[in-house]
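Structure record follows, encoded as structure tokens.
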Amino acid sequence: MYRVWNFLANYSLLLIIGALTALFWANTNPDSYHHFVHMVLWDNAPIGHLHDGHRTLTLHYLVNDLLMALFFAIAAKEVWEAVILENGSLRGKKAATPLFATAGGMLGPITVYLGLAMILGSDTYSAVANGWAIPTATDIAFSYLVGRIVFGAGHPAVRFLLLLAIADDAAGLIILAIFYPSGDLAPIWLLLSVGAALAVFLLANWLPRKMDRGNQDRPNSTWVREKLSFWPYLIASCFSWYGFMMSGLHPALGLLPIVPTIPHADRAFGIFSEAEQHLTDLLNMIEHALKHPVEIILFFFGLLNAGVEFSSMGDATWLVLFGLLIGKPIGIFIFGWIAAVPLRLGIPQGMRLIDLVVIGCVAAIGFTVSLFVASVAFDAGPVQDAAKMGALFSFAAAIISIVVGKITRVEKHEF
């Protein structure tokens, strides 16, 4: 349990402090808060919001569009290892039912969100429809922690939940890239990102290994690792991020093409695993080096994005909240049941079908990614603020999960 609390403290404690500070500030001095959020750092800058033919770098853009790219790179690293490594958690039949459940955990919230919006009328639907992806998110750290509280550390449902959350992250990255561009699309610029990824993979990864073939001392690979370290990948990341910005795709995803090019271990012990900190490959080394910077970045992300006035609660608040609290459990249960029973893919030994409902309640904690999607789905204003409030209120899923676990008589499994 120490490792989980340690990870939560590293990646989420400052985020919560930032969010609570933002809520207090926005509800006591909203003018001061919004002036801080949109503070101009550099006018006529080479990067930033494009307006009237020139770019302006604001504090909000610096955090959400540039620095959050490091957070999404860490998420992408976990997804990449889960998919590519031989013992990756998202490979083979063992991942089939969680992947089906993940699809339900996204389609369920979308259906509830858009269905209720249609019931509220065409005006409401038009105002909130673009936020359909907000309730699809699952906050890995908080969901994993609550899952261990509800099921116990050794219950197979906890691993099922973690597989679902990782797959949810992967799908969320794809949704952000496809459905939420940051501006007019100019796909030609993606050639810069692809070119940077190919160049750094060939020159700093593939070529040294090819030159060392048959030589156990691996002199070229060692020289690249010791002398160049992460610098080639940092330079490639800058080019890739710029390519995403100019292409119109959200720049926060700009490092995703670079992550697969970085040399990685031939095994993964899984997110939150104590053993993973002892891996010395470059990809894990970079992740460990980013731990404290990302911790600070998440504080500022919470500070700059969670500052909504309580009076801003509106239709979008309840649509996001109901999408998470109702759509997630129903979608995960239905699709998980389809995979386990009609398709005969089964569920892990020691799990019951009713546990899928509890897993769905735990996965309804959206928070971090839900806040991020809300910030890109809507322009700044009352609808965005209302949607963010729904993402913040999704913490209620933790209490609901514990209650539902008691009702369904979940038997805790400790190690």
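With the checklist (1) modelled with pLDDT of 90 or more; (2) within 30 Å of Ala196 (Cβ to Cβ) in hand, flag the one item Trp318 doesn't pass.
(2)
Sort out which residues of the stretch 358-381 are farther than 24 Å from Pro329 by Cα and hydrophobic (A, V, I, L, M, F, W, C), and write them in order of number.
Those that are farther than 24 Å from Pro329 by Cα and hydrophobic (A, V, I, L, M, F, W, C): Val376, Phe378, Ala380.
Considering only the stretch 292-307, how many residues are within 15 Å of the chain's Cα centre (by Cα) and either surrounded by fewer than 19 Cβ atoms within 10 Å (Cβ to Cβ) or closer than 11 Å to His60 by Cβ (or both)?
Going through the stretch 292-307 one residue at a time, the tally reaches 2.
Would the stretch 143-151 turn up any residue that is surrounded by fewer than 22 Cβ atoms within 10 Å (Cβ to Cβ) and in contact with a Pro (Cβ under 7 Å, 6 or more places away or on another chain)?
Among the residues of the stretch 143-151, not one is surrounded by fewer than 22 Cβ atoms within 10 Å (Cβ to Cβ) and in contact with a Pro (Cβ under 7 Å, 6 or more places away or on another chain), which makes the answer no.
Among the numbered conditions (1) within 19 Å of Ala133 (Cβ to Cβ); (2) surrounded by 21 or more Cβ atoms within 10 Å (Cβ to Cβ), tell me where Gly381 comes up short.
Here Gly381 meets the rest and fails (2).
Return only the number of the condition from (1) surrounded by fewer than 17 Cβ atoms within 10 Å (Cβ to Cβ); (2) in contact (Cβ under 8 Å) with a residue 24 or more places away in the chain that Lys406 does not satisfy.
Of everything listed in (1) surrounded by fewer than 17 Cβ atoms within 10 Å (Cβ to Cβ); (2) in contact (Cβ under 8 Å) with a residue 24 or more places away in the chain, Lys406 misses just condition (2).
Looking for something buried (at least 23 other Cβ atoms within 10 Å of the Cβ) and either of a type in the set (Ser, Thr, Tyr) or within 21 Å of the chain's Cα centre (by Cα) (or both) - is there at least one such residue anywhere in the stretch 334-354?
no
Looking only at the stretch 213-256, filter to residues that are of a type in the set (A, V, I, L, M) and under 20 Å from Leu185 (Cβ atoms); which one of those is surrounded by the fewest Cβ atoms within 10 Å (Cβ to Cβ)? Steps first, answer last, please.
Initial filter on the stretch 213-256 (of a type in the set (A, V, I, L, M)): 224, 228, 234-236, 245-246, 249, 252-253, 255-256.
Still in the running and under 20 Å from Leu185 (Cβ atoms): 245-246, 249, 252-253, 255-256.
Working: Met245: 26, Met246: 18, Leu249: 25, Ala252: 27, Leu253: 24, Leu255: 26, Leu256: 26.
Checked the stretch 213-256; the qualifying residue surrounded by the fewest Cβ atoms within 10 Å (Cβ to Cβ) is Met246.
List pairs: first residue in the stretch 147-170 and without any contact (Cβ under 8 Å) to a residue 40 or more places away in the chain, second residue surrounded by 24 or more Cβ atoms within 10 Å (Cβ to Cβ) and not basic (Lys, Arg) anywhere in the structure, Cβ distance under 6 angstrom, at least six positions apart or on different chains.
So the pair list comes out as Val158/Gly147; Val158/Phe151.
Checking the condition modelled with pLDDT under 85, farther than 30 Å from Asn27 by Cβ and of a type outside the set (Ser, Thr, Tyr), which residue from Ala268, Ala289 passes?
Step by step, each of Ala268, Ala289 is checked, and only Ala268 is modelled with pLDDT under 85, farther than 30 Å from Asn27 by Cβ and of a type outside the set (Ser, Thr, Tyr).
Which of the residues that make up the stretch 39-61 are closer than 24 Å to Glu309 by Cβ and without any contact (Cβ under 8 Å) to a residue 40 or more places away in the chain?
Met39, Val40, His49, Thr58, Tyr61
Output the residue which, of all residues in the stretch 109-166 that are among the small types (Gly, Ala, Ser) and outside any helix (DSSP H, G or I), is modelled with the lowest pLDDT.
Checked the stretch 109-166; the qualifying residue modelled with the lowest pLDDT is Ala153.
I'd like the full set of residues that are over 21 Å from the mean Cα position of the chain (by Cα) and over 10 Å from Tyr113 (Cα atoms), limited to the stretch 308-320.
Val308, Glu309, Phe310, Ser311, Ser312, Met313, Gly314, Asp315
Can you tell me which residue is farthest from Phe100 (Cα to Cα) among those in the stretch 167-187 that are in a helix (DSSP H, G or I) and among the acidic types (Asp, Glu)? Reasoning before the result, please.
Here is the first cut: in the stretch 167-187, the ones in a helix (DSSP H, G or I) are 167-179, 187.
Keeping just the survivors that are among the acidic types (Asp, Glu) gives 168-169.
On the way: Asp168: 11, Asp169: 14 Å.
Residue satisfying both the conditions and the ranking: Asp169.
Within the stretch 391-408, does at least one residue satisfy the condition of being on the phi > 0 side of the Ramachandran plot, among the small types (Gly, Ala, Ser) and in a loop (DSSP other than H, G, I, E, B)?
No - not one qualifying residue is present in the stretch 391-408.
The values are calculated or read from the model by the stated rules, or taken from the named source; none is laboratory data. None of the values given here were measured: they were computed from a predicted structure. Here Cβ is always computed from backbone atoms with ideal geometry, including for glycine, and neighbour counts include all displayed protein chains.
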